[in-house]
Structure formats: structure tokens, C-alpha cells
1. Taking the criterion of being more than 18 Å from the chain's Cα centre (by Cα) and surrounded by fewer than 19 Cβ atoms within 10 Å (Cβ to Cβ), would at least one residue in segment 129-137 satisfy it?
2. May I ask you to list the residues in segment 120-153 that are more than 21 Å from Asn28 (Cα to Cα) and outside any helix (DSSP H, G or I)?
Amino acid sequence: MGPLHPGRVPHRRLPLRPHRPHPSVLANYADRLQKKWVDAFHAKDTAGFNLYSTRFITLIEDIDRLLATRRDFLLGPWIASARNWGITPAEKDAYERNARDLITLWGDANSPLHEYANRQWSGLLDDFYKVRWQKFFTLLHQSLRQDKPPTSINSKRRSAHGNGIGSTNTDPTRQPLPVTAGKWPCSFIKNIVNP
């Protein structure tokens with residue numbers, strides 16, 4: 001076979017597969033949204049901040065829903081596995097608490113290594129990270145409304161700990177295509193085209 005002609009690309013037929021959005025694509029889109037709400041906050045653009053922070057929260061919900069379709073991305077198996085190591089209810093609770101610590105705070109409230117081993121798992125995103133982002137956005141919104149710098153949120157880190165929150169489902173919800181087909185043409189695709 002001779003060298004390829006400049007400007008000519010060999011044609012190769014690829015098998016057609018249904019479109020399955022990958023969680024990392026959505027997470028990459030979160031970076032774009034984050035820049036938008038940060039810019040709006042610094043510009044004291046309350047309407048823009050509300051728009052992009054709301055889209056950011058919606059995106060967390062979308063990612064969580066997509067992750068829930070794969071057992072590999074569920075919080076439940078992690079928690080169930082930890083609890084299986086315990087014999088008594090107290091031991092089971094201690095193992096669960098430690099398992100949650102590892103993927104959330106990684107120690108006590110003063111540990112500099114918080115979220116050292118964080119995961120993007122269904123159950124964590126919607127019930128843990130989304131709640132923290134909502135609290136943060138509320139703080140920033142109050143700052144915009146009062147025209148004052150935001151107060152620190154670090155002192156409340158322990159109260160946002162992962163104990164007892166997060167779905168413990170061990171089975172995926174459904175196939176990705178039905179989950180994505182009805183939701184993303186509105187909240188995801190439209191926002192990528194016109195962020």
C-alpha cells in the first residue's frame with residue numbers, strides 16, 4: 001500500500017451504536033458552567049449567577065441519574081461491602097462511617113485531606129455534593145444581595161459529612177438511553193449549543 005494522498009482520508013465504516021453520553025463529558029461541561037457562574041458572581045450579575053448556578057445544580061442531577069444506570073458507579077455497593085465486614089450492628093455502622101469518611105472528608109473536620117479519595121458515584125453526587133453546592137450558592141447569592149464578601153463555609157464542613165446520606169441502591173436503575181433521551185435534549189444539549 002502506497003503513501004496516502006495529501007488531503008485524502010481513507011474511508012472506514014464504523015459500526016453504528018446508540019449514543020451513550022459518558023459521565024466525563026458531562027463533568028467537562030461542568031467546568032464551562034463553573035466559569036460562567038464565577039464570572040457572573042465577580043461581575044455582580046445576579047441574574048447570570050442564578051442562571052448558571054441553577055444549570056450547574058441541574059447538571060449534577062443529570063450526572064447522578066446517568067451514573068445510576070451502571071453498578072460500577074453506585075455508592076450502594078461500596079457501603080454494602082463495608083457493612084459486610086462488621087458482625088454486630090455497631091461494627092457495621094462503624095465500617096459504614098469509615099467507608100463514607102474515605103470518600104468524603106477523609107478524616108475529621110480539621111483534616112487538610114478532605115475529599116482526598118472522592119468519587120463520582122450516584123448517591124454521592126445528588127445527596128452529598130449537590131447539597132454542598134446548593135449551600136455554597138446560597139452563601140454566594142446572599143453575598144450578592146447584601147453586597148458583602150461571602151463568609152467562610154469551611155467551619156460547616158463536618159455538618160455536611162456523608163453519614164447517613166446517599167442512595168444505598170446496589171442495582172442500576174435502567175439503561176442509559178431512556179435516561180438520557182428524555183432529559184438531555186432540553187437541559188444538556190441546548191445548554192452546550194447556547195451556554
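Each value in this text was obtained by applying a stated rule to the coordinates, not by laboratory testing. Keep in mind that this is a model prediction, so the values were computed, not measured. Counting neighbours? That spans all protein chains shown, and the Cβs are built from the backbone with ideal geometry, glycine included.
1. No: segment 129-137 contains no residue that is more than 18 Å from the chain's Cα centre (by Cα) and surrounded by fewer than 19 Cβ atoms within 10 Å (Cβ to Cβ).
2. Just the residues of segment 120-153 that are more than 21 Å from Asn28 (Cα to Cα), to begin with: 135, 138-153.
Within segment 120-153, Asp147, Lys148, Pro149, Pro150, Thr151, Ser152, Ile153 qualify.
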